[in-house]
Amino acid sequence: MSRVVLRELFERYNVTTGTDLYERLALNSWIPEGWSKRYDGIDLEKCLKTACAFFVDDCAKNQKDPGIMAFNKVKHGLLVVPSARRYIQSLPDVPAAIHHSDAAHPDAKANPITVQAVPHDDAKIAERLRSIHFIQIDTRLLAFLYSIGRWPERVKARGFEDPLSAFDHPNLWDLHEVLTALTAKGTGASS
């Protein structure tokens, strides 16, 4: 079972800043020709650098081991249930993952199945949702840029005159909104 640990990934590639990530990915080469003319309200370089800073400064540095473990347990869990308390009365009334116990744990033979509660409160949920939204915007932008740069003929085959025009698809309007706001805002590592 692999663990998704950003700081380890960034350390392996000697990425310590958002600028390092931007340069390692050569994101300047991902900016399509004609972007600034067609989308003059979106400074794509600034948006990509802000996204990289967010991944390195916020996501990697704030990624906690319990969150990594929870992600992996949910990812490989047998079941996600709405309340841990239903299965173990002493656990809180919060969602839980039910999964195989770690074989290295001393109680694994006696308890082959683990119920892992995922506690949360409104403030933490709101904070996570903001982070998740910004991560989704950033990864969708990267996927879009990669696709039109790598497979422009496939994008054209989908009915777009030129690959860049695919950015006007209704499914990407929320990207326009966020990137325009980000362009107007000062550079920072947070959304």
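Name the single residue that is farthest from Ala181 (Cα to Cα) among those in the stretch 18-51 being among the β-branched types (Val, Ile, Thr) and in contact (Cβ under 8 Å) with a residue 40 or more places away in the chain.
Residues of the stretch 18-51 that are among the β-branched types (Val, Ile, Thr), as a first pass: 19, 31, 42, 50.
Within this subset, residues satisfying the condition of being in contact (Cβ under 8 Å) with a residue 40 or more places away in the chain are 31, 42, 50.
Working: Ile31: 19, Ile42: 8, Thr50: 12 Å.
Only one residue tops the list, namely Ile31.
Here Asn111 passes the criteria (1) exposed (fewer than 14 other Cβ atoms within 10 Å of the Cβ); (2) within 30 Å of Leu175 (Cβ to Cβ) except the one numbered (2). Applying the condition of being farther than 19 Å from Ala26 by Cα and surrounded by fewer than 18 Cβ atoms within 10 Å (Cβ to Cβ) to the stretch 39-56 and asking which residue is nearest to the chain's Cα centre (by Cα) yields Gly41.
Residues that are over 29 Å from Gly41 (Cβ atoms), surrounded by 14 or more Cβ atoms within 10 Å (Cβ to Cβ) and either touching a residue at least 60 places away in the same chain (Cβ under 8 Å) or among the polar types (S, T, N, Q) (or both) do not occur anywhere in the stretch 139-147.
Would you please name the residue that is surrounded by the fewest Cβ atoms within 10 Å (Cβ to Cβ), looking only at residues in the stretch 1-38 that are assigned to a helix (DSSP H, G or I) and of a type in the set (S, T, N, Q)?
Within the stretch 1-38, the match that is surrounded by the fewest Cβ atoms within 10 Å (Cβ to Cβ) is Ser29.
Among the residues making up the stretch 151-169, those that are charged (D, E, K, R) and in a helix (DSSP H, G or I) are Glu153, Arg154, Lys156, Asp168. Taken together, the residues in the stretch 40-92 that are modelled with pLDDT of 75 or more and assigned to a loop (DSSP other than H, G, I, E, B) amount to 15. Residue count for the stretch 105-138 under the criterion of being part of a loop (DSSP other than H, G, I, E, B) and among the small types (Gly, Ala, Ser): the result is 2.
Taken as a whole, the stretch 126-134 holds no residue that is over 30 Å from Lys49 (Cβ atoms) and β-branched (Val, Ile, Thr).
The values are calculated or read from the model by the stated rules, or taken from the named source; none is laboratory data. What you see is a predicted model; the values in this text were computed from it and never measured. So basically every Cβ, Gly included, is an ideal-geometry build from the backbone, and we count neighbours across all protein chains shown.
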